[in-house]
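Peer 1: Starting off with a structure, shown below.
The values are calculated or read from the model by the stated rules, or taken from the named source; none is laboratory data. None of these values were measured; they are calculated from a predicted model. Don't worry about glycine lacking a Cβ; one is built from the backbone with ideal geometry, like all the others, and counts go over all protein chains shown. Just so you know, the surface numbers come from the protein's heavy atoms only, side chains and all, with ligands and any DNA or RNA stripped out. Shrake-Rupley method; radii C 1.70, N 1.55, O 1.52, S 1.80 Å.
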Amino acid sequence: MAAPKKARASRNKELIKGVGRLSRSKVYHKKGLWAIKTKHGGAFPTHKPSEKPTEAKPAEKPPKYYPADDVPRPIPRNRKPKPTKLRASITPGTVLILLAGRFMGKRVVFLKQLPSGLLLVTGPFKVNGVPLRRVNQAYVIATSTKIDISGVNVEKFDDKYFTKEAQKKKKKTEGQFFEASKEESKVLPQGKKDDQKTIDSQLISKIEAVPDLKAYLAARFSLRSGMKPHELVF
(Lines give C-alpha, C1' and ligand atoms only; values in the text may rest on other atoms or scores of the structure.)
Protein backbone atom coordinates (compact mmCIF):
# COMPACT_ATOMS: atom_id res chain seq x y z
CA MET A 1 0.00 0.00 0.00
CA ALA A 2 1.45 3.38 -1.03
CA ALA A 3 2.37 5.78 1.77
CA PRO A 4 0.09 8.84 2.07
CA LYS A 5 1.51 12.00 0.50
CA LYS A 6 2.64 14.71 2.88
CA ALA A 7 1.22 18.19 2.51
CA ARG A 8 3.69 20.51 0.70
CA ALA A 9 5.00 23.25 2.93
CA SER A 10 4.72 26.81 1.65
CA ARG A 11 8.00 28.65 0.88
CA ASN A 12 6.59 31.87 2.23
CA LYS A 13 5.96 30.99 5.84
CA GLU A 14 3.91 33.39 7.90
CA LEU A 15 5.77 35.26 10.63
CA ILE A 16 2.54 36.45 12.14
CA LYS A 17 -1.04 36.14 10.87
CA GLY A 18 -1.25 37.93 7.51
CA VAL A 19 2.48 38.80 7.27
CA GLY A 20 4.76 36.50 5.20
CA ARG A 21 8.51 35.98 5.47
CA LEU A 22 9.07 36.95 1.80
CA SER A 23 7.95 40.11 0.11
CA ARG A 24 5.66 40.23 -2.91
CA SER A 25 8.52 40.90 -5.37
CA LYS A 26 10.59 38.09 -3.85
CA VAL A 27 7.75 35.59 -4.38
CA TYR A 28 7.43 36.85 -7.98
CA HIS A 29 11.08 36.01 -8.70
CA LYS A 30 11.04 32.68 -6.84
CA LYS A 31 8.04 31.40 -8.86
CA GLY A 32 9.80 32.30 -12.11
CA LEU A 33 6.89 34.39 -13.35
CA TRP A 34 9.30 36.89 -14.81
CA ALA A 35 10.74 34.24 -17.16
CA ILE A 36 7.24 33.27 -18.44
CA LYS A 37 6.38 36.91 -19.03
CA THR A 38 9.64 37.56 -20.91
CA LYS A 39 9.16 34.49 -23.11
CA HIS A 40 5.74 35.73 -24.32
CA GLY A 41 6.72 39.29 -25.10
CA GLY A 42 6.17 40.87 -21.72
CA ALA A 43 2.64 39.50 -21.17
CA PHE A 44 1.26 36.37 -19.60
CA PRO A 45 -0.13 33.84 -22.11
CA THR A 46 -3.90 33.65 -22.43
CA HIS A 47 -6.06 30.75 -23.69
CA LYS A 48 -9.13 31.33 -25.81
CA PRO A 49 -12.26 29.68 -24.39
CA SER A 50 -13.46 26.65 -26.38
CA GLU A 51 -16.38 27.43 -28.66
CA LYS A 52 -19.58 25.64 -27.67
CA PRO A 53 -21.91 24.39 -30.44
CA THR A 54 -24.64 26.94 -30.95
CA GLU A 55 -28.18 25.55 -30.65
CA ALA A 56 -30.66 26.39 -33.36
CA LYS A 57 -33.12 28.95 -32.10
CA PRO A 58 -36.78 28.00 -32.48
CA ALA A 59 -38.60 29.79 -35.28
CA GLU A 60 -41.55 30.63 -33.03
CA LYS A 61 -41.50 31.44 -29.38
CA PRO A 62 -43.36 28.80 -27.32
CA PRO A 63 -46.61 30.02 -25.79
CA LYS A 64 -46.64 30.98 -22.13
CA TYR A 65 -49.99 29.32 -21.56
CA TYR A 66 -51.21 25.87 -22.60
CA PRO A 67 -54.61 24.16 -22.29
CA ALA A 68 -55.25 22.38 -19.00
CA ASP A 69 -57.07 19.50 -20.69
CA ASP A 70 -55.07 16.75 -22.34
CA VAL A 71 -55.20 16.96 -26.13
CA PRO A 72 -55.96 13.48 -27.55
CA ARG A 73 -53.40 12.31 -30.06
CA PRO A 74 -53.98 9.45 -32.50
CA ILE A 75 -52.02 6.32 -31.62
CA PRO A 76 -50.15 4.91 -34.62
CA ARG A 77 -51.44 1.43 -35.36
CA ASN A 78 -49.44 -0.67 -37.79
CA ARG A 79 -51.16 -3.95 -36.96
CA LYS A 80 -52.85 -5.61 -39.91
CA PRO A 81 -55.84 -7.76 -38.92
CA LYS A 82 -55.58 -11.39 -39.93
CA PRO A 83 -58.55 -13.03 -41.71
CA THR A 84 -60.89 -14.85 -39.33
CA LYS A 85 -60.47 -18.61 -39.46
CA LEU A 86 -63.71 -20.46 -40.15
CA ARG A 87 -64.61 -23.33 -37.84
CA ALA A 88 -64.17 -26.76 -39.40
CA SER A 89 -67.79 -27.69 -38.56
CA ILE A 90 -69.19 -24.78 -40.61
CA THR A 91 -69.27 -25.37 -44.36
CA PRO A 92 -71.51 -23.85 -47.09
CA GLY A 93 -74.99 -25.31 -46.69
CA THR A 94 -74.68 -26.16 -42.98
CA VAL A 95 -77.76 -25.48 -40.87
CA LEU A 96 -76.85 -23.22 -37.92
CA ILE A 97 -78.72 -22.33 -34.72
CA LEU A 98 -78.55 -18.65 -33.73
CA LEU A 99 -77.75 -18.10 -30.04
CA ALA A 100 -78.16 -14.32 -29.75
CA GLY A 101 -79.89 -11.38 -31.33
CA ARG A 102 -83.35 -10.77 -32.66
CA PHE A 103 -83.69 -14.25 -34.17
CA MET A 104 -82.31 -16.22 -31.20
CA GLY A 105 -83.17 -19.91 -31.44
CA LYS A 106 -83.92 -19.79 -35.19
CA ARG A 107 -82.33 -22.24 -37.59
CA VAL A 108 -80.62 -20.71 -40.63
CA VAL A 109 -78.64 -21.84 -43.66
CA PHE A 110 -75.00 -20.79 -43.95
CA LEU A 111 -74.18 -19.42 -47.42
CA LYS A 112 -70.57 -18.10 -47.23
CA GLN A 113 -68.02 -16.25 -45.11
CA LEU A 114 -67.60 -12.54 -45.84
CA PRO A 115 -64.19 -10.74 -45.95
CA SER A 116 -64.86 -9.27 -42.49
CA GLY A 117 -65.06 -12.80 -41.03
CA LEU A 118 -68.84 -12.69 -40.46
CA LEU A 119 -71.13 -15.40 -41.75
CA LEU A 120 -73.78 -14.76 -44.40
CA VAL A 121 -76.94 -16.67 -43.44
CA THR A 122 -80.63 -16.75 -44.31
CA GLY A 123 -83.70 -18.60 -43.01
CA PRO A 124 -84.87 -18.62 -45.80
CA PHE A 125 -87.18 -15.69 -45.08
CA LYS A 126 -90.21 -17.43 -46.56
CA VAL A 127 -89.73 -20.42 -44.22
CA ASN A 128 -88.93 -18.91 -40.80
CA GLY A 129 -88.71 -15.12 -41.33
CA VAL A 130 -84.92 -14.76 -41.10
CA PRO A 131 -83.67 -12.51 -43.93
CA LEU A 132 -80.18 -12.29 -45.40
CA ARG A 133 -78.00 -11.10 -42.55
CA ARG A 134 -74.48 -11.27 -41.08
CA VAL A 135 -73.74 -13.13 -37.84
CA ASN A 136 -70.63 -13.84 -35.80
CA GLN A 137 -69.58 -17.49 -35.74
CA ALA A 138 -69.11 -17.24 -31.96
CA TYR A 139 -72.90 -16.99 -31.55
CA VAL A 140 -74.00 -20.00 -33.61
CA ILE A 141 -74.17 -23.77 -33.13
CA ALA A 142 -73.30 -25.84 -36.17
CA THR A 143 -75.58 -28.85 -36.73
CA SER A 144 -74.94 -32.02 -38.68
CA THR A 145 -77.73 -31.12 -41.14
CA LYS A 146 -76.51 -29.83 -44.51
CA ILE A 147 -78.15 -28.60 -47.69
CA ASP A 148 -76.72 -28.65 -51.22
CA ILE A 149 -76.40 -24.97 -52.22
CA SER A 150 -74.19 -25.46 -55.27
CA GLY A 151 -76.76 -23.71 -57.51
CA VAL A 152 -77.22 -20.67 -55.25
CA ASN A 153 -75.42 -17.56 -56.51
CA VAL A 154 -74.14 -15.38 -53.61
CA GLU A 155 -71.26 -13.55 -55.34
CA LYS A 156 -72.89 -10.11 -55.15
CA PHE A 157 -73.18 -10.16 -51.35
CA ASP A 158 -70.33 -8.58 -49.40
CA ASP A 159 -69.90 -6.33 -46.36
CA LYS A 160 -70.70 -3.17 -48.36
CA TYR A 161 -74.08 -4.66 -49.25
CA PHE A 162 -75.16 -4.42 -45.59
CA THR A 163 -73.79 -0.95 -44.79
CA LYS A 164 -76.32 1.80 -44.22
CA GLU A 165 -76.13 5.14 -45.98
CA ALA A 166 -75.12 7.97 -43.66
CA GLN A 167 -77.88 10.58 -43.51
CA LYS A 168 -77.02 14.20 -42.78
CA LYS A 169 -78.93 15.80 -39.94
CA LYS A 170 -81.04 18.74 -41.05
CA LYS A 171 -81.11 21.88 -38.95
CA LYS A 172 -84.54 22.52 -37.49
CA THR A 173 -86.10 25.93 -37.66
CA GLU A 174 -87.52 27.65 -34.61
CA GLY A 175 -91.03 26.50 -35.49
CA GLN A 176 -90.04 22.87 -36.12
CA PHE A 177 -88.13 22.71 -32.84
CA PHE A 178 -91.30 22.99 -30.74
CA GLU A 179 -93.37 20.74 -32.98
CA ALA A 180 -93.54 17.02 -32.29
CA SER A 181 -91.09 15.18 -34.52
CA LYS A 182 -92.71 12.57 -36.71
CA GLU A 183 -90.79 9.31 -36.99
CA GLU A 184 -90.42 8.17 -40.55
CA SER A 185 -90.96 4.46 -41.07
CA LYS A 186 -87.87 2.67 -42.40
CA VAL A 187 -88.58 1.20 -45.82
CA LEU A 188 -86.41 -1.61 -47.18
CA PRO A 189 -85.13 -0.87 -50.70
CA GLN A 190 -86.86 -2.79 -53.46
CA GLY A 191 -83.54 -4.16 -54.71
CA LYS A 192 -82.90 -5.97 -51.41
CA LYS A 193 -86.42 -7.41 -51.46
CA ASP A 194 -85.81 -8.82 -54.93
CA ASP A 195 -82.46 -10.31 -53.82
CA GLN A 196 -84.18 -12.04 -50.89
CA LYS A 197 -86.86 -13.51 -53.15
CA THR A 198 -84.20 -14.80 -55.56
CA ILE A 199 -82.23 -16.55 -52.80
CA ASP A 200 -85.41 -17.95 -51.23
CA SER A 201 -86.61 -19.45 -54.51
CA GLN A 202 -83.24 -21.15 -55.05
CA LEU A 203 -83.07 -22.55 -51.51
CA ILE A 204 -86.70 -23.66 -51.11
CA SER A 205 -86.42 -25.96 -54.14
CA LYS A 206 -83.44 -27.66 -52.43
CA ILE A 207 -85.19 -27.78 -49.02
CA GLU A 208 -88.40 -29.32 -50.32
CA ALA A 209 -86.41 -32.14 -51.91
CA VAL A 210 -85.46 -33.37 -48.40
CA PRO A 211 -88.38 -34.72 -46.32
CA ASP A 212 -89.22 -32.91 -43.03
CA LEU A 213 -86.40 -30.37 -43.61
CA LYS A 214 -88.79 -27.45 -44.12
CA ALA A 215 -90.54 -28.14 -40.80
CA TYR A 216 -87.14 -28.53 -39.10
CA LEU A 217 -86.02 -25.08 -40.27
CA ALA A 218 -89.33 -23.48 -39.29
CA ALA A 219 -89.16 -24.84 -35.70
CA ARG A 220 -87.39 -22.72 -33.08
CA PHE A 221 -84.71 -24.37 -30.93
CA SER A 222 -85.08 -24.10 -27.15
CA LEU A 223 -84.05 -26.02 -24.06
CA ARG A 224 -86.77 -27.65 -21.98
CA SER A 225 -86.82 -29.18 -18.53
CA GLY A 226 -84.91 -32.44 -18.37
CA MET A 227 -82.70 -31.64 -21.39
CA LYS A 228 -78.96 -31.78 -20.73
CA PRO A 229 -77.08 -29.43 -23.10
CA HIS A 230 -73.75 -31.29 -22.79
CA GLU A 231 -75.42 -34.51 -23.99
CA LEU A 232 -77.23 -33.01 -26.99
CA VAL A 233 -76.11 -33.97 -30.48
CA PHE A 234 -76.95 -31.34 -33.08
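Peer 1: Assuming 0.36 nm per residue, please report the length gained on full extension of the stretch LYS160 to ALA9 beyond their Cα-Cα distance.
Peer 2: 44.8 nm
Peer 1: Set the Förster radius R0 to 30 Å, insert the Cβ-Cβ distance between ASN153 and SER225 as r into 1/(1 + (r/R0)^6), and round the FRET efficiency to 0.05.
Peer 2: That gives a FRET efficiency of 0.10.
Peer 1: Can you put THR163, THR143, THR46 in order of accessible area, largest first, using a 1.4 Å probe?
Peer 2: Largest accessible area first, the list is THR46, THR163, THR143.
Peer 1: Could you tell me, in Å, what Rg and Dmax come out for the Cα atoms of the chain?
Peer 2: Both quantities, over Cα of the chain: 45.4, 131 Å.
Peer 1: Here's something else I'd like to know. In Å and from the alpha-carbon atoms only, list the Rg and Dmax of region 65-104.
Peer 2: 21.9, 65
Peer 1: Throw me the Rg/Rh for region 181-234, computed over C-alpha atoms with Kirkwood Rh, two decimals.
Peer 2: 1.21
Peer 1: Moving on to the next point. Given a 1.4 angstrom probe, I'd like the percentage of the accessible area of the chain that is carbon and sulfur, rounded to a whole number.
Peer 2: Accessible surface attributable to carbon and sulfur in the chain totals 55 percent.
Peer 1: Summing -39500 (n - 2.57) over the DSSP H runs of n ≥ 4 in the chain and dividing by its residue number, what mean residue ellipticity at 222 nm do you reach, to the nearest 500 deg cm²/dmol?
Peer 2: Only helices count here, giving -5500 deg cm²/dmol.
Peer 1: Pairs to check: LYS112/LYS160; LYS146/LYS206; LYS106/LYS186; LYS112/LYS156. Give those whose C-alpha atoms are more than 21 Å from each other in this structure.
Peer 2: Too far apart for the 21 Å limit: LYS106/LYS186.
Peer 1: Return one whole number: the accessible area per residue of region 57-215 in Å², for a 1.4 Å probe.
Peer 2: Per residue, region 57-215 has an accessible area of 81 Å².
Peer 1: Compare the peptides 8-14, 96-102 by average per-residue count of other Cβ atoms within 10 angstrom and give them in order, highest first.
Peer 2: The peptides rank, most packed first, as 96-102, 8-14.
Peer 1: Can you tell me what the convex hull of the Cα atoms of region 1-105 projects to on average, as an area in nm²?
Peer 2: Over all viewing directions, region 1-105 projects a mean Cα-hull area of 29.3 nm².
Peer 1: If you don't mind, another one. Treating the Cα atoms of region 1-43 as identical point scatterers in vacuum, please give the log10 of the normalised Debye intensity I(q)/I(0) at q = 0.21, 0.34 Å⁻¹, two decimals.
Peer 2: -0.77, -1.12
Peer 1: Semi-axes of the equivalent ellipsoid of region 32-167: what are they in whole Å, largest first, if each equals the square root of 5 times a C-alpha gyration tensor eigenvalue?
Peer 2: Semi-axes from the Cα gyration tensor: 80, 20, 14 Å.
Peer 1: If you line up the long axis of helix 190-208 against the longest principal axis of the chain, both from Cα atoms, how many degrees apart are they, to the nearest 10?
Peer 2: Helix 190-208 sits roughly 60 degrees off the main axis of the chain.
Peer 1: Want the number for VAL27 to THR54: 0.36 nm per residue separation, take away the alpha-carbon distance, what's left?
Peer 2: Value of the extension gain: 5.4 nm.
Peer 1: Return a whole-number percent for the relative contact order of the chain, with Cα pairs under 8 Å and 6 or more residues apart as the contact set.
Peer 2: Relative contact order here is 15 percent.
Peer 1: Moving on. So what is the orientation-averaged projected area of region 98-142, using the convex hull of its C-alpha atoms, in nm²?
Peer 2: Its Cα hull, projected and averaged over all orientations, spans 2.8 nm².
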